[in-house]
Amino acid sequence: MLKKLSVLSMAVLMATPAFADDLVVYSSRSQELLQPIVKKYEQETGTKVILVNDKAGPLMEKLKAEGKNTPADVFITVDGGNLWQAAQMGLFQPIKSNTLKANIPAHLRDPKNQWFGLSVRARTIFYNPTKVQPSQLSTYADLANPKWKGKLCLRTSNNVYNQSLVGTMLANHGKSTTEKVVKGWVDNLATKPFSNDTSMLEAIDAGQCDVGIANTYYFGRLLDKNPDLNVKVFFADQKGKGTHVNVSGAGVVKYSDNAAEAQKFIEWLSSSNAQNLFADLNHEYPANPRIAPDPKVAKWGSFKQDFINVSIAGQNQQRAIMLMKKVGYQ
């Protein structure tokens, strides 16, 4: 579906050239999630927004290949690792905005202000409450304890979300400790890693495993489909660094012809007018701490975030991949 949307979006862009005042947004965040937000922005400002959707990698390569000839003004993608990589590729320009600095906490934005997080997802522990008591859970590292042997489920290591989690663990705990933990996870697996978080959460529900690690928004989506889901959320490391979080975020494209409008759009996305729209549709947390999460999300409870800058996930991405490969994490 995403591929069809991508082809359609690009075809529309070619068939309907963007005018000078139009805003062209390249996004790896799904069209279904962005369309209501774009519609509201168009209604409030009168600015026409053209969406081009694809996966993060192809969009970054597209921006790189287009260079100064790109029609894009804004790039939206998921995960600090992808945002960091886009910045390293020279795809963004710095944003000077007191509004964004006031709305988005420092750990959820690029240290050089090239991109800003707009919604937050926690990657934390989930468990089957008929098999596990919350008192048995504590940290990501504890899931390497032999007591979980044959009881742990994980998503594959080639996913950027797990790479970012391990990348921040490397920064927080060092290579030696992180390697022992990830090796312990591998030793405790109940089955081969899953291709996505949804399948892994369904395996916990079915009793195939007792515990696992996933992004909170996948849990929210499953609850919508199955309110009786036999899975609960546990926020990890609350007595330590805090729960690992990541973002969906945006930046102004380096060669944008409409940089002022692009910045205005990102500022608007960080405001009370749009934060709930941007986050709630995908069961995420608003990045702006002054905005309350959707009641469905708030029911999961409050938690302490790990305040390490999310860009660290990108900086340590290759180290994380090498470490996971070394210990046999598929």
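The values are calculated or read from the model by the stated rules, or taken from the named source; none is laboratory data. In this text the structure is predicted, and so the values were computed from the model without any measurement. Cβ coordinates were reconstructed from backbone atoms using ideal geometry, including for glycine residues, and neighbour counts include every protein chain displayed.
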Exercise for the section: For Y255, indicate whether it is modelled with pLDDT of 95 or more and within 30 Å of C153 (Cβ to Cβ). Expected result: no
Problem - Residue match in segment 70-80 (condition: at pLDDT 95 or above and surrounded by fewer than 21 Cβ atoms within 10 Å (Cβ to Cβ)) - result: yes
Exercise for the section: Could you identify the single residue in L143, L201 that is surrounded by 17 or more Cβ atoms within 10 Å (Cβ to Cβ), over 14 Å from K232 (Cα atoms) and touching a residue at least 24 places away in the same chain (Cβ under 8 Å)? Expected result: L143
Practice task
Identify, from the list K254, K304, the residue that is assigned by TED's automatic domain parsing to the domain that holds S30 and surrounded by fewer than 23 Cβ atoms within 10 Å (Cβ to Cβ).
Solution key: K254
Exercise for the section: Name the residue, out of A260, A236, A279, A287, that is in the same structural domain as P129 (by TED's automatic domain parsing) and either hydrophobic (A, V, I, L, M, F, W, C) or touching a residue at least 12 places away in the same chain (Cβ under 8 Å) (or both). Expected result: A236
Exercise for the section: Confirm whether S138 is of a type in the set (S, T, N, Q), under 17 Å from the mean Cα position of the chain (by Cα), at pLDDT 95 or above and part of a loop (DSSP other than H, G, I, E, B). Expected result: no
Problem - Exclusive hit being among the hydrophobic types (A, V, I, L, M, F, W, C), surrounded by 19 or more Cβ atoms within 10 Å (Cβ to Cβ) and out of contact with any Phe, Trp or Tyr (no Cβ under 7 Å at 6 or more places or on another chain), set L154, L83, L170, L118 - result: L170
Exercise for the section: State all residues of segment 298-330 that are free of Cβ contacts under 8 Å to residues at least 24 places away in the same chain and either β-branched (V, I, T) or closer than 28 Å to N188 by Cα (or both); if no residue qualifies, say none. Expected result: Q318, M322
Handout entry: Any chance S248 is closer than 25 Å to Y26 by Cα and either in contact with a helix residue (DSSP H, G or I) (Cβ under 7 Å, 6 or more places away or on another chain) or among the hydrophobic types (A, V, I, L, M, F, W, C) (or both)
Key = no
